[in-house]
Each structure stands twice: as structure tokens, then as C-alpha cells.
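Note sheet for the following structure.
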Amino acid sequence: MQVVQWTIAAITAIFVAVVAFLQWRTAQQKAVLDLFDRRRAIYETVRKAVETMTSNSNAFDQGREIEFMDAMERAYFFFGDDVVAYLDRLWKAISEVRDADGMMKQNPVLNALGKLSEQRTAALKRVTKFHDEGKPLFARYMRFSQTVPIWRL
């Protein structure tokens with residue numbers, strides 16, 4: 001009779017251990033997914049800013065600027081130094097385009113000289129390189145390393 005009790009106790013203990021492990025694993029995967037969602041939100045904000053700048057830089061208003069700056073601040077905590085440095089360079093290029101646009105509106109003579117237009121074009125090219133330079137930087141942090149569970153019950 002005691003053998004049966006010990007066997008039932010051992011089976012119960014193993015079952016509880018397996019359930020605890022599965023709950024731990026589920027919690028880990030949820031944390032990874034939550035981190036992905038937060039990183040994705042930052043990426044989307046940056047991507048929208050780049051699209052706005054490339055399609056119509058005048059549409060990059062103060063609201064977009066605040067949104068981008070907020071994304072830069074959050075990126076400091078969710079990405080590595082490489083992404084943070086890239087976002088800083090991207091912000092400088094966006095600022096150069098916006099400053100050049102403002103100066104060309106205020107003083108058309110500067111626009112006629114062409115130097116301001118050249119600087120604006122160079123800065124806009126740095127912004128449009130987002131898909132070649134920035135997207136791969138973000139992708140390294142957003143790819144899932146495990147797509148299928150290692151084992152199945």
C-alpha cells in the first residue's frame with residue numbers, strides 16, 4: 001500500500017514540476033513578446049518620421065517632432081548604443097532639412113545661391129538611407145531567436 005502512495009506522490013510531484021516549468025516558460029515568452037511590442041512601437045515612430053520627411057518635409061510638424069524625440073528617449077532603454085547613435089544622426093539630418101526649409105522660405109535669395117539647397121539635399125539623402133542603414137540595426141533587436149518550441153509534450 002505504501003508503494004502505491006509513494007508512486008502517486010512522485011507522479012504528482014513530477015506533474016507539478018512540469019506545470020511550473022511550463023508556466024515559467026510562458027512567462028518568459030510573454031516578456032519577450034512585450035519587449036518586441038515596445039521596440040516595434042519605437043521603430044514605427046521612426047519609420048513614419050522618415051516617410052514624412054521623404055514625402056513632404058513640411059508635414060513634419062511639432063507633433064511629429066515630439067513623437068520622434070520621445071521615441072529617441074525610449075530607444076535608450078530598449079535598444080543598444082548603435083541604434084541610439086543612429087537615431088541621433090538621423091535626428092541631426094532631419095533638423096538640417098527642416099532648418100534649410102525654414103531658411104529657404106524666409107530668404108529666397110539663399111535658395112537662389114544653391115548652397116542651402118545642396119546642404120538640404122545631402123541631409124535628405126541621409127534621412128532616406130533609413131531603409132539601408134537603420135532598418136537592419138533595428139532588425140537585430142527585433143528578431144525572435146526561437147520560432148518553434150524546442151520540445152513538445
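Is there a residue being touching a Gly at 6+ places or on another chain (Cβ under 9 Å) and under 19 Å from Lys135 (Cβ atoms) anywhere in the range 50-61? Walk me through how you get there before you give the answer.
So the first thing to find is which residues in the range 50-61 are touching a Gly at 6+ places or on another chain (Cβ under 9 Å), and the list is 50.
Filter again for under 19 Å from Lys135 (Cβ atoms), leaving 50.
Yes, some residue in the range 50-61 is touching a Gly at 6+ places or on another chain (Cβ under 9 Å) and under 19 Å from Lys135 (Cβ atoms).
Inspect all residues belonging to the range 86-106 and state whether any of them is in contact (Cβ under 8 Å) with a residue 40 or more places away in the chain, in a helix (DSSP H, G or I) and hydroxyl-bearing (Ser, Thr, Tyr). Spell out how you get there, then give the answer.
Applying the first criterion (in contact (Cβ under 8 Å) with a residue 40 or more places away in the chain) to the range 86-106 yields 86-87, 90, 94, 97-98, 101.
Remaining after also requiring in a helix (DSSP H, G or I): 86-87, 90, 94, 97-98, 101.
Subset that is hydroxyl-bearing (Ser, Thr, Tyr): 86.
Checked the range 86-106: at least one residue is in contact (Cβ under 8 Å) with a residue 40 or more places away in the chain, in a helix (DSSP H, G or I) and hydroxyl-bearing (Ser, Thr, Tyr).
If I filter the range 19-41 for residues that are within 30 Å of Thr121 (Cβ to Cβ), within 13 Å of the chain's Cα centre (by Cα) and modelled with pLDDT of 95 or more, do I get at least one hit? Can you show your working first?
Residues of the range 19-41 that are within 30 Å of Thr121 (Cβ to Cβ), as a first pass: none.
For the range 19-41, residues within 30 Å of Thr121 (Cβ to Cβ), within 13 Å of the chain's Cα centre (by Cα) and modelled with pLDDT of 95 or more: absent.
The residues of the range 1-37 that are more than 30 Å from Ala71 (Cβ to Cβ) and either among the aromatic types (Phe, Trp, Tyr) or in contact with a Ser or Thr (Cβ under 8 Å, 6 or more places away or on another chain) (or both), listed by number, are Trp6, Phe15, Phe21, Trp24.
For the range 55-105, the tally of residues that are crowded, with 17+ Cβ neighbours inside 10 Å and of a type in the set (Gly, Ala, Ser) stands at 5.
The values are calculated or read from the model by the stated rules, or taken from the named source; none is laboratory data. Because the structure is a prediction, the values reported are computed rather than measured. Cβ sites come from the backbone with ideal geometry, for glycine too, and all protein chains shown count toward neighbours.
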